[in-house]
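The values are calculated or read from the model by the stated rules, or taken from the named source; none is laboratory data. From a predicted model like this one, the values you see are computed outputs, not experimental measurements. All Cβ positions, even for glycine, are placed from backbone atoms using ideal geometry, and neighbour counts span all protein chains on display.
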Amino acid sequence: MSATDYLERIPNNVSLKDNRRLLRALEEWQPKFLEWWKDMGPHGYQAKDVYLRTAVSVDTQGWAQFGYLRMPEYRWGIFLAEPEPNRAIAFGDHKGQPAWQEVPGEYRGTLRRLIVTQGDTEPASVEQQRHLGQTCPSLYDLRNLFQVNVEEGRHLWAMVYLLDAYFGRDGREESEALLQRRSGDRDKPRILGAFNERTPDWLSFFMFSFFTDRDGKYQLASLAESGFDPLARTCRFMLTEEAHHMFVGETGVGRIVQRTCELMRAHRTDDVRAHGGIDLPTIQKYINFHFSVSLDLFGSEISTNAANFYTLGLKGRFEETKKDDDHRLKDATYPVADLDGERVAMCEQPALVALNERLRDDYVVDCARGVARWNQVIARAGVDLELTLPHRAFHRAIGCFGDVRVSPEGRVISQAEWDARRDDWLPTKADETYVGSLMRPVTERGKLANWIAPPARGINGQPMDFEYVRLG
Ligand SMILES: [Fe+2]
Ligand SMILES: [Fe+2]
């Protein structure tokens, strides 16, 4: 294993200085990345000091270092988790063979596509969130937003490293293209739908970090099982950063829910809008929206691509090595939700083509745990209401439910019923306008917007009134 070169122009633990060709490719890409960051990264805060953590090593104990930094000076680098000695491929046709340290020629195109698709989401989310700084509910939240942003930038570096190191000229062209596409751009959009949606307000941001970053967690976790060892190690380290993003989302929504309940009790009313809060039905609608568009990211229920990725040893299941089966799945089946006339019904499908659905199932369970924690906040406040995840068939654009209308309870309904009920289920223009009207910046130390409760604790043991971003 190689030591961490933290002082190099590109911090890394992959011995970059011994690989001149790769070092040159990345050093050529670096200024283009910085240009992209200045154009498309957080708007208006590039020159401010932000209390950020930076990866300086990959051990679980000591990887992070906290300090003030201007974002363009963030030490974006290349960090892979420690290699596992004698790691073997854990699944598919190559099960038991030594993990690949180079890309198998015949899988080159497929693997490149997987890496590009993952890589494209990283800069996309930075672009989606670039205006949020102007309306932050506190310095604490502002700092968390920027932490997420710089780490998504680092995730882009992680994928670009793989492309440049292992895919030659094609890889370098893809690295360029990752800086060319733009979230929401009609002519050169980001690859996946949810990454072209707007993130116009902080409720959307917290929902995105909870639901959409969590899709990232599941994609990364299954790529962390890859037979292509550099990809596996890259993704394993990315997961440690991803955990913080989901923490930001879960606690962000949880704090809004808490504040809403406080307002409901203090004023003995469900109508917290009159008191500057975000009412629970509106929060539910945002859950419905962000959950459903994130479900689409897992792809079709039945997918031969997913089967191929698995059989070829490129992308495993969530916690593949902890599962107790043959890890080939040629004869196995898996229950998949499907349309049975007017009903949603479960049917057994060959397990290999059902792998997208299986990963989506793991994801849904994880989301439900977070929603249960929000419900604890509501219950503790003595409020009689529960937030729920809508049915997986609700508001889907991809897969077997993409062409039908389904209620949040999972009932197939007519277009007319959908039209009549849509505004009860998904954020309306009026909801968005209301939430938008709350988005006024609060940048005094220790102060918070009225619609969100304070966090349980500060970052890295700092108090809530710490100057997380120096605006002076
Ligand atoms: Fe990421
Ligand atoms: Fe993330």
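Step by step: first the residues of segment 18-76, then only those that are in a loop (DSSP other than H, G, I, E, B) and β-branched (V, I, T), then the one that is farthest from Q462 (Cα to Cα). Which residue is that?
Of all residues in segment 18-76, those in a loop (DSSP other than H, G, I, E, B) come to 19, 41-48, 56-63, 74-76.
Then drop every residue that is not β-branched (V, I, T), which leaves 56, 58, 60.
Details: V56: 20, V58: 23, T60: 21 Å.
Only one residue fits best here, namely V58.
Across segment 302-345, which residue is nearest to the chain's Cα centre (by Cα) among those that are under 18 Å from G216 (Cα atoms) and assigned to a loop (DSSP other than H, G, I, E, B)?
F318
Go through (1) within 16 Å of ligand 2 (Cβ to nearest atom); (2) farther than 29 Å from D431 by Cα; (3) out of contact with any strand residue (DSSP E or B) (no Cβ under 9 Å at 6 or more places or on another chain) one by one and return the number of the condition T240 breaks.
(3)
How about segment 96-112: which of its residues are surrounded by 15 or more Cβ atoms within 10 Å (Cβ to Cβ) and part of a helix (DSSP H, G or I)?
As a first pass, look at segment 96-112 and keep what is surrounded by 15 or more Cβ atoms within 10 Å (Cβ to Cβ): 99-100, 103-104, 107-108, 110-112.
Y107, R108, T110, L111, R112, listed by residue number.
Looking at segment 462-469, can you tell me whether even one residue there is modelled with pLDDT of 95 or more, under 18 Å from H275 (Cα atoms), in contact with a helix residue (DSSP H, G or I) (Cβ under 9 Å, 6 or more places away or on another chain) and in a loop (DSSP other than H, G, I, E, B)?
No, there is no match, as no residue in segment 462-469 is modelled with pLDDT of 95 or more, under 18 Å from H275 (Cα atoms), in contact with a helix residue (DSSP H, G or I) (Cβ under 9 Å, 6 or more places away or on another chain) and in a loop (DSSP other than H, G, I, E, B).
May I ask you to say which residue of G193, G216 is closer than 30 Å to T433 by Cβ and within 13 Å of ligand 2 (Cβ to nearest atom)? Write out each step before concluding.
Values: G193 fails: within 13 Å of ligand 2 (Cβ to nearest atom).
Of the residues listed, the single one that is closer than 30 Å to T433 by Cβ and within 13 Å of ligand 2 (Cβ to nearest atom) is G216.
From R392, R373, which residue is at pLDDT 95 or above, more than 23 Å from E301 (Cβ to Cβ) and within 21 Å of the chain's Cα centre (by Cα)? Working first, answer last.
Details: R392 fails: more than 23 Å from E301 (Cβ to Cβ).
Step by step, each of R392, R373 is checked, and only R373 is at pLDDT 95 or above, more than 23 Å from E301 (Cβ to Cβ) and within 21 Å of the chain's Cα centre (by Cα).
Step by step: first the residues of segment 216-274, then only those that are assigned to a helix (DSSP H, G or I), away from ligand 1 (no atom under 16 Å from the Cβ) and hydroxyl-bearing (S, T, Y), then the one that is surrounded by the fewest Cβ atoms within 10 Å (Cβ to Cβ). Which residue is that?
Looking at residues that are assigned to a helix (DSSP H, G or I), away from ligand 1 (no atom under 16 Å from the Cβ) and hydroxyl-bearing (S, T, Y), I get T251.
Taking only pairs six or more apart or across chains, which ones have beta-carbon atoms under 7 Å, a first residue in segment 86-106 that is of a type outside the set (A, V, I, L, M, F, W, C), and a second residue that is modelled with pLDDT under 95?
Listed pairs, sorted by first residue: none to list.
Checking A345 against (1) modelled with pLDDT of 95 or more; (2) among the aliphatic types (A, V, I, L, M); (3) surrounded by fewer than 16 Cβ atoms within 10 Å (Cβ to Cβ), which test does it fail?
Here A345 clears every test but (1).
Which condition number does H131 fail, the rest of (1) more than 16 Å from ligand 2 (Cβ to nearest atom); (2) surrounded by 24 or more Cβ atoms within 10 Å (Cβ to Cβ) being met?
That leaves (2) as the condition not met.
Could you figure out which of (1) more than 16 Å from ligand 1 (Cβ to nearest atom); (2) touching a Phe, Trp or Tyr at 6+ places or on another chain (Cβ under 8 Å) isn't true of H131?
In the conditions (1) more than 16 Å from ligand 1 (Cβ to nearest atom); (2) touching a Phe, Trp or Tyr at 6+ places or on another chain (Cβ under 8 Å), H131 misses (2) alone.
Looking at segment 88-128 only, could you name the residues that are away from ligand 2 (no atom under 16 Å from the Cβ), small (G, A, S) and at negative phi?
Selection gives A88, A90, A99, G105, G109.
Is there a residue being of a type in the set (D, E), more than 11 Å from ligand 2 (Cβ to nearest atom) and in a helix (DSSP H, G or I) anywhere in segment 199-211? Working first, answer last.
Step one: list which residues in segment 199-211 are of a type in the set (D, E), which gives 201.
Restricting the remaining residues to those that are more than 11 Å from ligand 2 (Cβ to nearest atom) gives 201.
Checking the rest, the ones that are also in a helix (DSSP H, G or I) come to none.
No - not one qualifying residue is present in segment 199-211.
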